[in-house]
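Report on the following structure.
The values are calculated or read from the model by the stated rules, or taken from the named source; none is laboratory data. This is a predicted model, so every value here is computed, not measured. In this analysis, Cβ positions are derived from the backbone assuming ideal geometry, glycine residues included, and neighbour counts consider all displayed protein chains. To get the accessible areas, we keep the full protein, side chains included, count just its heavy atoms, and leave off ligands, DNA and RNA. Shrake-Rupley method; radii C 1.70, N 1.55, O 1.52, S 1.80 Å.
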Amino acid sequence: PASVPEIYEQTIRAFNLSETLRVPVILLYDEAIGHLRETVELKESAEIELHNRKWAAEVSAEFKPYAAGEDKVPEMVRPGDGFRTHTTGLTHAPDGFPTQDPVLVNEYMQRLLGKLQHHNALVESFEAINTEDAEILVVSYGITSRAARRAVKLARNEGIKVGMFRPITLWPFPAEPLKEILGPVTN
């Protein structure tokens with residue numbers, strides 16, 4: 001985030017991504033932004049769009065808590081529904097129990113990484129400013145992007161064709177959008 005209001009917005013987004021994709025999300029912002037005082041317009045709770053995780057409709061003895069469909073996000077059993085799950089930080093087989101079987105570990109890791117790749121458009125976030133005709137591109141994030149934005153504006157006022165790319169998510173990094181913007185800049 002590059003501002004206190006953006007910390008608020010990205011916190012909501014982080015929780016929604018975590019619920020939607022069943023992944024941990026870390027919101028990073030630098031010390032300078034953490035010490036800023038800026039006005040934040042808080043939304044009414046009814047205005048905040050919240051995403052819920054995908055809950056298992058029916059749970060039977062054959063249910064596999066770590067098996068996933070095409071979207072690569074497994075359904076989750078509601079706590080207290082009577083189905084025993086094994087939740088740890090270990091690598092799990094589709095049945096939910098830890099495994100060190102190299103084949104299953106590889107499948108599990110491919111699913112986890114594939115899940116983020118599959119939902120890349122949902123996760124990646126960036127801002128592009130004056131990049132359409134840029135001959136110079138400034139890449140900056142966090143508090144430094146505020147100074148970079150000002151520098152881009154001053155350079156534009158001087159007739160210099162400069163643009164700015166600000167990644168909002170750092171991982172997965174929005175590499176493809178940056179490559180698209182860099183194409184004309186590097187030629």
Per residue Cα convex hull volume for the chain, in cubic angstrom? 172 Å³
Taking the Cα centroid of the range 6-80 and of the range 130-164, what is the distance between the two, rounded to the nearest whole Å? 33 Å
For helix 4-21, report the angle its Cα long axis makes with the longest principal axis of the Cα atoms of the chain; keep it between 0 and 90° and round to the nearest 10°. 30 degrees
Taking only pairs that are 8 or more places apart or on different chains, how many Lys pairs in the chain have Cα atoms under 23 angstrom apart? 10
Counting only protein heavy atoms with a 1.4 Å probe and every protein chain in place, the carbon and sulfur fraction of the accessible surface of the range 1-152 in whole percent equals 53 percent
Using only Cα atoms and rounding to the nearest 10 degrees, what angle (0 to 90) does helix 102-118 make with the longest principal axis of the chain? 40 degrees
Which loop trypsin sites (Lys or Arg not before Pro) in the range 121-187, with loop taken from DSSP, have no more than 15 other Cβ atoms within 10 angstrom of their Cβ? LYS161
Kirkwood Rh, Cα Rg: Rg to Rh for the range 137-187? 1.00
So, with points 7 Å from each Cα along the Cβ direction, the THR144-ASP95 label distance in nm works out to 5.1 nm
Between helix 175-186 and the chain: long-axis angle, C-alpha atoms, 0 to 90°, nearest 10: 20 degrees
So which GluC sites (Glu not before Pro) in the range 104-187 are both in a DSSP loop and have at most 14 other Cβ atoms within 10 Å of their Cβ? GLU132, GLU135, GLU158
